[in-house]
Structures are given as C-alpha cells and as structure tokens.
Amino acid sequence: MAIELAGKPIAITGASSGIGHATAIECAKAGMPVVVGARRLERLNELVKTIESLGGRAIAVQMDVADAAACRGLIDRTVESFGSIYSVFANAGYGLASPIHETSDEQLRAIFETNFFGTLSTVRAALPHMLNAGRGHVLVCSSCLARFTLPYSGFYCATKAAQMHVTRALNDELRLRGIFASSVHPIGTRTELFEEAHKRSPPATADLIDPPGRSFMMQPAETVAKAVVRCLRKPRPEVWTSHATRLGMALAAAFPTMTDAVVRRLTERRLKQAAARAGHSRT
C-alpha cells in the first residue's frame, strides 16, 4: 500500500536549480511541506513563491552542505517550522573532469567534502529525529556512474559510488526501525551541473563533459523528481530513471576488459574532437 505523503515534511539540499528544484515542486504537489536549502538565496525564495502559488508550504534556508553546522541548521529549521521531519533528500553536489594524476589534493578533498561528506552531514542531522519518530525516508542523489567509472571523471564517480554504498548499508541497518534509505541514480539530466563541472575542470578535459544541448541522451529534471516522489510513496533501495542504462552498467561490470577497450576508444575520439574544436576557435 502506498504511503500517504501529505503533511510529511521534507528537507532538500541543492534546491536552487536542477533536480533539487524540480523535486521540491513535486513533493509540494504531493502535499509535503518543503524546506529548500542551497547557497543562492534569491533562487530559493523564487522557488518558495512558486510552491506557495501551487498551494504548498515551503521555507528557504541559505546554506552550504560543506558546512556541517549549516546542515544541522537546515534540519533544525525543518523541525521548528513544521513540527517534524519525515524525509531528507541529500541532492547537492558537483562534477569534475580531471586526470587522476593531475588533480590536486585540494580539488579532491573539495569534491568529497561537498558530494560525500555534505551528504553524510545532512543525513546524520536528520536521523535522530527519524529514529525518535520510528519512521522516515533518507534519499541520496547518487548517479548512474556510481556503478561505472569514466576516464577523467574518476573522483566524481568515486563520490557517487561512496554515496550509493553508504545509502544501501543505511537501508539495511535502519529498515527494521522504520526508516527507509534510497539511492537515486539519474542518467544525464538537463541541469547546471554540466556548466559548473566545465568551469571547474582543466581546459584539456573540460570538453569531455557534454553540455545538455549537445547530447541527445538527456532527461529533464522533472523525470527524476517524479521518480523520487514515486519512491517516497513506495520505497525501494534504488531509484533508476533508465532501465536500459541500469542493464548496461551491469553488463559493463560483467565484461570489464571489453568495456575498458570501448571506453578508451570513445574517450580518445572525444579528446581529438575537443582539441579540434579548440584549434578551430583560435583561428
């Protein structure tokens, strides 16, 4: 039987754009009070206005998931404003395309601080309230790349894999105490993640990141948001928006030698195309 979501508060990080923004709207449509967190307060305030125009309830909290105290503040604000917290969606994160041997410790620690430790800080802040209530649902935005790595994206993929494994373990640890935990595995999604990753990456590898307009294998953020709400209603350990991609990842893991050969060939082609575009732009 589906879980009734109306009146159950949710806190969402990375909500100023993309998947977090779309999920906040879908949760509000389902009757959930929503607390949205991100660094860009103006965008959050606009999101709150949108939700309120739909008849929902929402509050904006300016915060950065790299700050554990800010994560606790987001959860505290949720409980103070709506009396409890039923769910948390740890969605904030960013991408990076950089060679393993050329990526600095500072860059490595920064991406883990946001993608992985930011997730942990958000979830850990919410869990005591859920455990006291004997119910709750933790959602973590991982990636289809949690199960498959790409050249020059090894550290990004590592953060996504870490999120997935911790979430799956959490689901097994707390399910008997009434708390679900689900990892979300989007394929390429039309969000600002690509633009931000392009800015953060070295010029030689930045063009390996497909902007949403260049690739045909892109889904709207609303597709992920609706899948998240379906999972809230009928919890399951993993949320995938493409069964074909999920199967492809499984096959890639089963045949690593063949997969590596194909990936290397495709990557070499992409690097040559990127170099050609760069040379053309200078002429």
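For the stretch 20-54, filtering for residues that are closer than 21 Å to residue 120 by Cβ and either of a type in the set (Phe, Trp, Tyr) or open to solvent by less than 20 Å² (accessible area, probe 1.4 Å) (or both) leaves 6. When the stretch 157-170 is limited to residues that are over 23 Å from residue 254 (Cβ atoms), open to solvent by 20 Å² or more (accessible area, probe 1.4 Å) and touching a residue at least 24 places away in the same chain (Cβ under 8 Å), the one that is farthest from the chain's Cα centre (by Cα) turns out to be 170. If we keep just the residues of the stretch 93-118 that are of a type in the set (Val, Ile, Thr) and either out of contact with any helix residue (DSSP H, G or I) (no Cβ under 7 Å at 6 or more places or on another chain) or open to solvent by 50 Å² or more (accessible area, probe 1.4 Å) (or both), which is nearest to residue 76 (Cα to Cα)? Across the stretch 93-118, the extreme among qualifying residues is 114.
Residues in the stretch 119-138 that are open to solvent by less than 10 Å² (accessible area, probe 1.4 Å), in contact with a helix residue (DSSP H, G or I) (Cβ under 6 Å, 6 or more places away or on another chain) and of a type in the set (A, V, I, L, M, F, W, C): 126, 138.
Can you work out which of the residues in the stretch 238-283 that are of a type in the set (Lys, Arg) and within 29 Å of the chain's Cα centre (by Cα) is modelled with the lowest pLDDT?
So in the stretch 238-283, the residues of a type in the set (Lys, Arg) come out as 246, 264-265, 269-270, 272, 277, 282.
In the following step, the residues that additionally are within 29 Å of the chain's Cα centre (by Cα) were identified as 246, 264-265, 269-270.
Working: 246: 89, 264: 87, 265: 88, 269: 83, 270: 74.
So, considering only residues that are of a type in the set (Lys, Arg) and within 29 Å of the chain's Cα centre (by Cα), the one modelled with the lowest pLDDT is 270.
Does at least one position in the stretch 64-71 carry a residue that is open to solvent by 10 Å² or more (accessible area, probe 1.4 Å) and in contact with a Pro (Cβ under 9 Å, 6 or more places away or on another chain)? No: the stretch 64-71 contains no residue that is open to solvent by 10 Å² or more (accessible area, probe 1.4 Å) and in contact with a Pro (Cβ under 9 Å, 6 or more places away or on another chain).
The values are calculated or read from the model by the stated rules, or taken from the named source; none is laboratory data. Since the structure is predicted, the reported quantities are computational estimates derived from the model, not experimental observations. Don't worry about glycine lacking a Cβ; one is built from the backbone with ideal geometry, like all the others, and counts go over all protein chains shown. These area figures cover heavy atoms from the full protein model, side chains too; ligands, DNA and RNA do not enter into them. Shrake-Rupley method; radii C 1.70, N 1.55, O 1.52, S 1.80 Å.
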